[in-house]
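*Asks:* Okay, here's the structure, questions in a sec.
The values are calculated or read from the model by the stated rules, or taken from the named source; none is laboratory data. In this text the structure is predicted, and so the values were computed from the model without any measurement. Note that each Cβ is placed from the backbone with ideal geometry, even for glycine, and that neighbours are counted across all protein chains shown. Note: accessible area is taken over every heavy atom of the protein model, side chains too, but ligands, DNA and RNA are not part of it. Shrake-Rupley method; radii C 1.70, N 1.55, O 1.52, S 1.80 Å.
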Amino acid sequence: MEAIIVPFQPPTFGNLITILSIDGGGIRGIIPGTILNFLESELQKLDGKEARLVDYFDVVAGTSTGGLVTAMISTPDQNNRPLFSAEDINQFYLDHCPKIFPQNRTWPIGKIVKLLSGPKYDGEYLHKLVKEKLGDTKLHQTLTNVVIPTFDIQLLQPTIFSSYEMKNNPSLDAYLSDICIATSAAPTYLPPHYFKTEGIAHEKTREFNLIDGGVAANNPTLVAIGEVTKEVIKQTPDFFAIKPMDYRRFLVISLGTGAPKAEKRYTAEQAAEWGMLDWLTNDGSTPIIDVFSQGSSDMVDFHLSVIFQALHCEDNYLRIQDDTLSGEVSSVDVATEKNLNELLKVGERLLKKPVSRVNLQTGIFEDCTSNSETNDQALIRFAKLLSEERRLRHARSPHRKATTMQLENVSPPNSI
């Protein structure tokens, strides 16, 4: 049996507001890449082989490597379909990470001096690659709404590239390539990114001096919810009759990129002896970046877990994170073939682990006592909810005769 699927209709016609969020984490983007591939394959089982993630989410948010994945799955190709399927993400990392983060087996004195006086990598390959893949696509052209945080080091404040905010502030309508390069510019690893957007009408040309969005929001889930909430408050047509802060209407999947296990982290006794250089580089890692990225990610998860539980809708929030990494797989840039393949295995194992939440007293993810699901079981459940939500919106929408695409082997619509 075949079914006709129209472009995803606005939340006004449905029950839920759907959000997908992807953390920053360098090469560890392979971990959420594996999760996304599983989710998209489940959606394809329900709605046909041409189904893609952007057909189901009102917002896709991503920081740093998550911002790159966001652009990959939301940038249109020549057929106005996603440039990359979820299945393509990990192959992209396997093919290109060794060139983005070239590994040096020997460290001559000149290289060490360069490391202390400039970024570890020049970013040239990444810049060329992103511009080649994303071309002239601008923020307003994405196939669904996107939210990508960066940080402006001249203004000393976050700059959020949001499909929603862009409508009010056209100067944010930058090339996706520039946005991706900026949000990935992790201090000490890659150089900051400068670009400007041309003014529209009375607006002046705007300049940006940007670094990795992870310094402000390594887990961009809360930023995405905030962008939606602003639209709800303004009572825009897409969110008509939805009450502000009604988190029960949100369906959220938030994907982490992994973290070192507890015994591999730092201690106060160690850090008491550290100077500036030790905070910047220690045992192959960058402690100051690890601290702010993992701290901000966990605080967002903790906040949202409490909110969703308080409103008795915790089943609408899924955070998938692995805090048991050790050795090279916990790095953001050890892009050897062996390590990249190990990260693939980490993602596959994570699917079979129980759904968990961070305990801020211990800093460790613990199995949810109220839920016996594994992550893959939770994703299967979410895939069904996403499919049903999209069908419901189509049934209620007055635009049912919009341009459609044919999907094969689809079961009859289910009611919610």
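*Asks:* Any residue at all in region 311-320 that's part of a helix (DSSP H, G or I) and of a type in the set (Phe, Trp, Tyr)?
*Replies:* To start, the set of residues in region 311-320 that are part of a helix (DSSP H, G or I) comprises 314-316.
Of the ones still in play, those that are also of a type in the set (Phe, Trp, Tyr) are none.
No: region 311-320 contains no residue that is part of a helix (DSSP H, G or I) and of a type in the set (Phe, Trp, Tyr).
*Asks:* Restricting the search to region 172-183, which residues are open to solvent by 10 Å² or more (accessible area, probe 1.4 Å) and either among the small types (Gly, Ala, Ser) or not in a helix (DSSP H, G or I) (or both)?
*Replies:* Narrowing region 172-183 to residues open to solvent by 10 Å² or more (accessible area, probe 1.4 Å): 173, 175, 178.
Of everything in region 172-183, those that are open to solvent by 10 Å² or more (accessible area, probe 1.4 Å) and either among the small types (Gly, Ala, Ser) or not in a helix (DSSP H, G or I) (or both) turn out to be ASP173, TYR175.
*Asks:* Next question, about the same structure. May I ask you to say which residue of SER64, SER41, SER21, SER74 is crowded, with 22+ Cβ neighbours inside 10 Å, of a type in the set (S, T, N, Q) and more than 21 Å from SER177 (Cβ to Cβ)?
*Replies:* Values: SER64 fails: more than 21 Å from SER177 (Cβ to Cβ); SER41 fails: crowded, with 22+ Cβ neighbours inside 10 Å; SER74 fails: more than 21 Å from SER177 (Cβ to Cβ).
Being crowded, with 22+ Cβ neighbours inside 10 Å, of a type in the set (S, T, N, Q) and more than 21 Å from SER177 (Cβ to Cβ) holds for just one of SER64, SER41, SER21, SER74, which is SER21.
Condition check ((1) touching a strand residue (DSSP E or B) at 6+ places or on another chain (Cβ under 7 Å); (2) open to solvent by less than 60 Å² (accessible area, probe 1.4 Å); (3) assigned to a loop (DSSP other than H, G, I, E, B); (4) of a type in the set (Asp, Glu)) across all residues:
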site	(1), (2), (3), (4)
PRO187	yes, yes, yes, no
PRO191	no, yes, yes, no
LEU210	yes, yes, no, no
ALA216	yes, yes, no, no
VAL223	yes, yes, no, no
GLN235	no, no, yes, no
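*Asks:* Here's a follow-up. So how many residues does region 119-145 have that are modelled with pLDDT under 95 and out of contact with any Ser or Thr (no Cβ under 9 Å at 6 or more places or on another chain)?
*Replies:* Number satisfying all stated conditions: 2.
*Asks:* Also: Of the conditions (1) crowded, with 22+ Cβ neighbours inside 10 Å; (2) part of a helix (DSSP H, G or I), GLN91 fails just one. Which one is it?
*Replies:* (1)
*Asks:* If you check every pair at least six apart or on different chains, which have Cβ atoms under 8 Å apart with a residue in region 336-355 that is farther than 15 Å from ASP376 by Cβ and in contact (Cβ under 8 Å) with a residue 24 or more places away in the chain first and a residue that is open to solvent by 70 Å² or more (accessible area, probe 1.4 Å) and assigned to a loop (DSSP other than H, G, I, E, B) second?
*Replies:* From residues that are farther than 15 Å from ASP376 by Cβ and in contact (Cβ under 8 Å) with a residue 24 or more places away in the chain, the pairs are THR336/GLN103.
*Asks:* Another question, then. When only residues in region 77-88 that are within 27 Å of THR150 (Cβ to Cβ) and part of a helix (DSSP H, G or I) count, which is least open to solvent (accessible area, probe 1.4 Å)?
*Replies:* Only one residue fits best here, namely ALA86.
*Asks:* If I filter region 300-311 for residues that are farther than 19 Å from ILE89 by Cα, among the polar types (S, T, N, Q) and open to solvent by less than 50 Å² (accessible area, probe 1.4 Å), do I get at least one hit? It would help to see each step written out before you state the result.
*Replies:* We begin by selecting, within region 300-311, every residue farther than 19 Å from ILE89 by Cα; these are 300-311.
Filter again for among the polar types (S, T, N, Q), leaving 305, 309.
Checking the rest, the ones that are also open to solvent by less than 50 Å² (accessible area, probe 1.4 Å) come to 305.
There is at least one residue in region 300-311 that is farther than 19 Å from ILE89 by Cα, among the polar types (S, T, N, Q) and open to solvent by less than 50 Å² (accessible area, probe 1.4 Å).
*Asks:* Which one is nearest to THR63 (Cα to Cα), of the residues in region 323-339 that are within 21 Å of the chain's Cα centre (by Cα) and open to solvent by 10 Å² or more (accessible area, probe 1.4 Å)?
*Replies:* Keep residues of region 323-339 that are within 21 Å of the chain's Cα centre (by Cα), which gives 323-325, 329-335.
From what's left, open to solvent by 10 Å² or more (accessible area, probe 1.4 Å): 323-324, 329-332, 334.
Details: ASP323: 19, THR324: 22, VAL329: 19, SER330: 18, SER331: 17, VAL332: 14, VAL334: 19 Å.
Result: VAL332.
*Asks:* Something else now. Check region 247-263 and report whether any residue there is of a type outside the set (S, T, N, Q), part of a helix (DSSP H, G or I), under 30 Å from PRO11 (Cα atoms) and modelled with pLDDT under 85.
*Replies:* Keep residues of region 247-263 that are of a type outside the set (S, T, N, Q), which gives 247-253, 255-256, 258-263.
When the remaining residues are screened for being part of a helix (DSSP H, G or I), the result is 247-249, 262-263.
If we keep only those that are under 30 Å from PRO11 (Cα atoms) as well, we get 247-249.
Restricting the remaining residues to those that are modelled with pLDDT under 85 gives 247.
Checking region 247-263: at least one residue is of a type outside the set (S, T, N, Q), part of a helix (DSSP H, G or I), under 30 Å from PRO11 (Cα atoms) and modelled with pLDDT under 85.
*Asks:* List the pairs whose first member sits in region 51-66 and is within 19 Å of VAL130 (Cα to Cα) and assigned to a strand (DSSP E or B), whose second member is open to solvent by less than 10 Å² (accessible area, probe 1.4 Å) and among the hydroxyl-bearing types (Ser, Thr, Tyr), and whose Cβ atoms are under 7 Å apart, counting only residues at least 6 apart or on separate chains?
*Replies:* VAL60/THR70; VAL60/SER74; ALA61/SER21; ALA61/THR70; ALA61/THR221; GLY62/THR70
*Asks:* Okay, next question. Of all residues in region 340-395, which are modelled with pLDDT under 95, of a type outside the set (D, E, K, R), open to solvent by 70 Å² or more (accessible area, probe 1.4 Å) and closer than 22 Å to CYS313 by Cβ?
*Replies:* Of everything in region 340-395, those that are modelled with pLDDT under 95, of a type outside the set (D, E, K, R), open to solvent by 70 Å² or more (accessible area, probe 1.4 Å) and closer than 22 Å to CYS313 by Cβ turn out to be LEU360, THR369, SER370, SER372.
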